Amino acid sequence: MNIIFSIFPYAIAYTIPLLAASLGGLYSERSGVVNIGLEGLMVMGMFVSALTIYFLQPTLGTGALWLGLLAGTLGGAIFSILHAVASITLKANQVISGTAINMIAGAMTVFLARNIRGSGNISITLGFIPHDVPFLSKIPLLGPLFFSRAYVTTWVVLAILGLSWLLIYKTPFGLRLRACGEHPQTADAAGINVYRIRYIAVIISGALAGLAGSVMLVTYSGEFNGSVAGLGFLALAALIFGQWKPLGILGATFFFGFAATMANVSQAVPELARIPGLILKAFPYVVTLIALIFFSRSSQAPRASGEPFDKGKR
Amino acid sequence: MNRSRDIFTALMAVFLGLVAGAIFMALSGANPFAGFYYMFRGGLMNIERIGNTLATATTLVLTGLSVAFAFRTGLFNIGAAGQMLIGGLVATMMALSNNGALPKFLFIPLVLICAMLGGALWAAIAGFLKARFNVHEVVATIMTNWLAFWIVYYVIPAYFKGKLETESARIPFESSMKLDWLTNLFNGSYINFGVFVALAATAVIAVILNKTVLGYELKAVGFNRHAAEYAGINVSRNVTLAMAISGALAGLAGATYYIGYAVNMQIGILPTAGFDGIAVALLGANSPWGVLASALFFGLLHSGKGFMNAMTKIPPQIGDTIIATIIYFAATSILFVRLYDFLKKKLKKEVKA
């Protein structure tokens, strides 16, 4: 039980960027655009935010972290326009365009970092410090699990999750978004501008993936090095695992976060050290594959996801 | 389909990729012309460097064929990196266990067959899941990539550890794919038997795709799954088989890379050649000979970027940036297709008038 208490804060810290990126993927896929470029968008967000913080930190201190988050979010949003243009306007294969996004981000950010800094890494000297939430952390059981040593960014991302749920299920925009992903021709006939909705959705997904990369930077990573270690792909898996629903995604990302944290800390915990590392590391991926098999029968995937919308086609 | 149009769009993508590269070089305060001069010089200036360019291209030909073959059947194999790791792991394990027991001329064919089987079985997981349960192959291969990554991460240090914790023991020359006469011919470059494997694979894949019933069926499944099924083609079997063949090619890439090009197997790395294979396949319009040509070009970029970095201080990542930009433009090829059709129409009008 003590192990669970001690790794919970780490698991949450690991989950949050994953959750943000996965929510990004949710917007894009719900509008009918597959975004396999989440990984690259995260890298871009992390890079822009690292650069911002690196330059502003000496003068602004902790305030630079917030600006960094904002800059990373914007960076991801702007970079995602590349994907939007390719997959919406130019009707490119969305998976290929996403792959290009991943490769461009990985190469270009390190290229720029080396030009600006002389090395491919950018470290920031201080990040957010986890705090116990006053009062709430005193609640038995729940307090130590959810409200101790929490990062402020965790609450930001959870707020975005709540807002996303409202936006997607309770607003006209959300209805249009979902219509574009299910049956764009019908949406078009109902007078919805499918292209516009899809653009907005892809840009939101870029913003959230950028935020995810920035959150990673200011919480547990502290350094940009041109990679987010496959987290973007994991976010994509969480999106499917969570069956394209905000709360499902929350569950799926937390599962991944917890599993990955167990694997990462296993060496330090005698109870876990007995399990071979390979099994712990492979666990989330194997479970995802198995889950995909079970879900494939009753998949809730947006029906038009991955198909370019062609106004002339009926 | 339309060969001259494919070539036109590929050349446009390359051209725009190089322009983007030039802009980035200029941004970093260097003269782009000097940058490209040293990049191409770095890949071609002497026989040893030509050998290295060919050796780099070898891996890319094989991963490019792997991705292209899957594409022709309508599958996107993003898992070439993982299949390459499994093939490479099989080859490394065999090479480090051989100890000269088998002579090279027997050992190398055996390794190639086993690495192919390894890659094929690994890819067949995703193929089977797609065929039987309709699990999307992109997601499945992303998962199998990371599984392969972690398998290598734990197996190499546990059983085949070298001097460092993060690499395997050095592959002895008796079980390496490097050949005495070839290495000498190219003044000690990385070139190895894999070059011939890549050429042979290109020819074999071209024959399979264009001259056999199997290739016909696979392409039919790629064009229209339902029509193919209606025509009596077993779609499930073909999907699994296509992934397996695609994986076999990536497995070959792994063998030639890890016991030919490299001297040992590093852990903790998903080989970038697996992803570059996507670029190679796209640029080569998924045709085997197109793949060969584009792999040579990318091989040149990769092997020249180090020299360029030494001579001009342009970071070597420019090579990857150019390749990535080329994929982006290859993906948006509809622009150039329109341009091509427009130019063709205009040309016809002028001829008539």
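In segment B:125-133 there is no residue matching the filter, namely being out of contact with any helix residue (DSSP H, G or I) (no Cβ under 7 Å at 6 or more places or on another chain), more than 20 Å from B:PHE275 (Cβ to Cβ) and more than 10 Å from chain A (Cβ to nearest Cβ). Of the residues that make up segment B:277-287, is at least one open to solvent by 40 Å² or more (accessible area, probe 1.4 Å), more than 14 Å from every other protein chain (Cβ to nearest Cβ) and out of contact with any Cys (no Cβ under 8 Å at 6 or more places or on another chain)? Taking every residue of segment B:277-287 in turn, none turns out to be open to solvent by 40 Å² or more (accessible area, probe 1.4 Å), more than 14 Å from every other protein chain (Cβ to nearest Cβ) and out of contact with any Cys (no Cβ under 8 Å at 6 or more places or on another chain).
If the condition is being on the phi < 0 side of the Ramachandran plot and more than 21 Å from the chain's Cα centre (by Cα), then segment A:109-121 contributes A:PHE111, A:LEU112, A:ALA113, A:ARG114, A:ASN115, A:ILE116, A:ARG117, A:SER119, A:GLY120, A:ASN121.
Mind listing whichever residues of segment B:146-183 are part of a loop (DSSP other than H, G, I, E, B) and either within 14 Å of chain A (Cβ to nearest Cβ) or at positive phi (or both)?
Step one: filter segment B:146-183 for residues part of a loop (DSSP other than H, G, I, E, B), giving B:160, B:162-166, B:169-172, B:176-179.
Within segment B:146-183, just B:GLU165 meets the criteria.
Filtered by the rule that a residue be open to solvent by 40 Å² or more (accessible area, probe 1.4 Å) and either touching a Leu at 6+ places or on another chain (Cβ under 6 Å) or without any contact (Cβ under 8 Å) to a residue 60 or more places away in the chain (or both), segment B:224-266 gives B:ASN224, B:HIS226, B:ALA227, B:GLU229, B:TYR230, B:ALA231, B:GLY232, B:ASN234. Does segment A:147-192 hold any residues that are closer than 30 Å to A:TRP66 by Cβ and among the charged types (D, E, K, R), and which are they? If the condition is that a residue be closer than 30 Å to A:TRP66 by Cβ and among the charged types (D, E, K, R), then A:ARG149, A:LYS170 are the ones that fit. Checking A:ILE200, A:ILE204 one by one, the residue that is open to solvent by 60 Å² or more (accessible area, probe 1.4 Å), among the β-branched types (Val, Ile, Thr), within 23 Å of the chain's Cα centre (by Cα) and more than 14 Å from every other protein chain (Cβ to nearest Cβ) is A:ILE200 and no other.
Pairing residues of segment B:208-219 that are closer than 14 Å to B:PHE71 by Cα with residues that are surrounded by 15 or more Cβ atoms within 10 Å (Cβ to Cβ) and β-branched (Val, Ile, Thr), at Cβ distances under 8 Å and at least 6 apart in sequence or on separate chains, gives B:GLY215/B:ILE208; B:GLU217/B:ILE233; B:LEU218/B:THR73; B:LYS219/B:THR73.
Among the residues of segment B:132-147, at least one is within 23 Å of A:LEU239 (Cβ to Cβ), in contact with a Lys or Arg (Cβ under 8 Å, 6 or more places away or on another chain) and touching a residue at least 40 places away in the same chain (Cβ under 8 Å). In this structure, B:LEU147 qualifies as open to solvent by less than 30 Å² (accessible area, probe 1.4 Å), more than 29 Å from B:GLU48 (Cα to Cα) and out of contact with any Leu (no Cβ under 7 Å at 6 or more places or on another chain). Look at segment A:240-275 and say how many of its residues are within 14 Å of chain B (Cβ to nearest Cβ), outside any helix (DSSP H, G or I) and more than 21 Å from A:ASN2 (Cα to Cα). Residues flagged as within 14 Å of chain B (Cβ to nearest Cβ), outside any helix (DSSP H, G or I) and more than 21 Å from A:ASN2 (Cα to Cα) within segment A:240-275 amount to 3. With the condition kept exactly as written, say whether any residue in segment A:119-142 is in contact (Cβ under 8 Å) with a residue 60 or more places away in the chain and assigned to a helix (DSSP H, G or I). There is no residue in segment A:119-142 that is in contact (Cβ under 8 Å) with a residue 60 or more places away in the chain and assigned to a helix (DSSP H, G or I).
Could you go through segment A:151-170 and let me know if any residue there is farther than 29 Å from A:VAL218 by Cβ, out of contact with any Gly (no Cβ under 6 Å at 6 or more places or on another chain) and not in a helix (DSSP H, G or I). There is no residue in segment A:151-170 that is farther than 29 Å from A:VAL218 by Cβ, out of contact with any Gly (no Cβ under 6 Å at 6 or more places or on another chain) and not in a helix (DSSP H, G or I).
Considering only residues of segment A:266-309 that are open to solvent by 70 Å² or more (accessible area, probe 1.4 Å) and of a type in the set (S, T, N, Q), which is nearest to A:GLY242 (Cα to Cα)? Talk me through it step by step, then tell me what you get.
Of all residues in segment A:266-309, those open to solvent by 70 Å² or more (accessible area, probe 1.4 Å) come to A:267-268, A:270-271, A:274, A:276, A:279, A:283, A:290, A:294, A:297, A:300, A:303, A:307.
Narrowing further to those that are of a type in the set (S, T, N, Q): A:267, A:300.
Details: A:GLN267: 30, A:GLN300: 10 Å.
Only one residue fits best here, namely A:GLN300.
Determine whether B:VAL138 is under 20 Å from the mean Cα position of the chain (by Cα) and modelled with pLDDT under 95. The answer is yes for B:VAL138.
Looking at segment B:39-49, is at least one residue of a type in the set (S, T, N, Q), crowded, with 24+ Cβ neighbours inside 10 Å, touching a residue at least 12 places away in the same chain (Cβ under 8 Å) and more than 14 Å from every other protein chain (Cβ to nearest Cβ)? Within segment B:39-49 (the criterion being of a type in the set (S, T, N, Q), crowded, with 24+ Cβ neighbours inside 10 Å, touching a residue at least 12 places away in the same chain (Cβ under 8 Å) and more than 14 Å from every other protein chain (Cβ to nearest Cβ)), the answer is no, since none of the residues qualifies. The residue list A:PHE224, A:PHE283, A:PHE233 contains one member that is over 20 Å from A:SER80 (Cα atoms) and of a type in the set (A, V, I, L, M, F, W, C), which is A:PHE283. Of all residue pairs spaced 6 or more apart or on separate chains, those with beta-carbon atoms under 9 Å, a first member in segment A:283-297 that is facing chain B (nearest Cβ under 7 Å) and outside any helix (DSSP H, G or I) and a second member that is open to solvent by 60 Å² or more (accessible area, probe 1.4 Å) and of a type outside the set (Asp, Glu) are A:SER296/B:ASN134; A:SER296/B:HIS136.
Would you be able to say whether some residue in segment A:232-240 is surrounded by fewer than 15 Cβ atoms within 10 Å (Cβ to Cβ) and not hydroxyl-bearing (Ser, Thr, Tyr)? I'd like the intermediate steps shown before the answer.
First, pick out the residues of segment A:232-240 that are surrounded by fewer than 15 Cβ atoms within 10 Å (Cβ to Cβ): none.
Taking every residue of segment A:232-240 in turn, none turns out to be surrounded by fewer than 15 Cβ atoms within 10 Å (Cβ to Cβ) and not hydroxyl-bearing (Ser, Thr, Tyr).
Among the residues of segment A:66-89, is there at least one that is part of a helix (DSSP H, G or I), modelled with pLDDT under 90 and open to solvent by less than 20 Å² (accessible area, probe 1.4 Å)? So far as segment A:66-89 goes, no, none of its residues is part of a helix (DSSP H, G or I), modelled with pLDDT under 90 and open to solvent by less than 20 Å² (accessible area, probe 1.4 Å).
If you go through segment A:100-142 and keep only what is open to solvent by 70 Å² or more (accessible area, probe 1.4 Å), of a type in the set (Phe, Trp, Tyr) and within 13 Å of another protein chain (Cβ to nearest Cβ), you end up with nothing.
Tell me, yes or no, whether segment A:32-52 has at least one residue that is surrounded by fewer than 22 Cβ atoms within 10 Å (Cβ to Cβ), aliphatic (A, V, I, L, M) and not in a loop (DSSP other than H, G, I, E, B). Step through it out loud before you land on a result.
Of all residues in segment A:32-52, those surrounded by fewer than 22 Cβ atoms within 10 Å (Cβ to Cβ) come to none.
Within segment A:32-52 (the criterion being surrounded by fewer than 22 Cβ atoms within 10 Å (Cβ to Cβ), aliphatic (A, V, I, L, M) and not in a loop (DSSP other than H, G, I, E, B)), the answer is no, since none of the residues qualifies.
Name the single residue, out of those in segment B:288-312 being polar (S, T, N, Q) and within 14 Å of chain A (Cβ to nearest Cβ), that is farthest from the chain's Cα centre (by Cα). Only one residue fits best here, namely B:THR312.
So for segment B:95-103 (the condition being buried (at least 24 other Cβ atoms within 10 Å of the Cβ), within 18 Å of B:ALA281 (Cα to Cα) and aliphatic (A, V, I, L, M)), does at least one residue qualify?
Of the residues in segment B:95-103, the ones buried (at least 24 other Cβ atoms within 10 Å of the Cβ) are B:95.
Filter once more, keeping what is within 18 Å of B:ALA281 (Cα to Cα): none.
So far as segment B:95-103 goes, no, none of its residues is buried (at least 24 other Cβ atoms within 10 Å of the Cβ), within 18 Å of B:ALA281 (Cα to Cα) and aliphatic (A, V, I, L, M).
The values are calculated or read from the model by the stated rules, or taken from the named source; none is laboratory data. Since we're looking at a predicted model, the values are computed, not measured. Note that we place each Cβ from the backbone using ideal geometry, even for glycine, and neighbour counts take in every protein chain shown. Quick note on the areas: whole protein, heavy atoms, side chains included, nothing else; ligands and nucleic acids left out. Shrake-Rupley method; radii C 1.70, N 1.55, O 1.52, S 1.80 Å.
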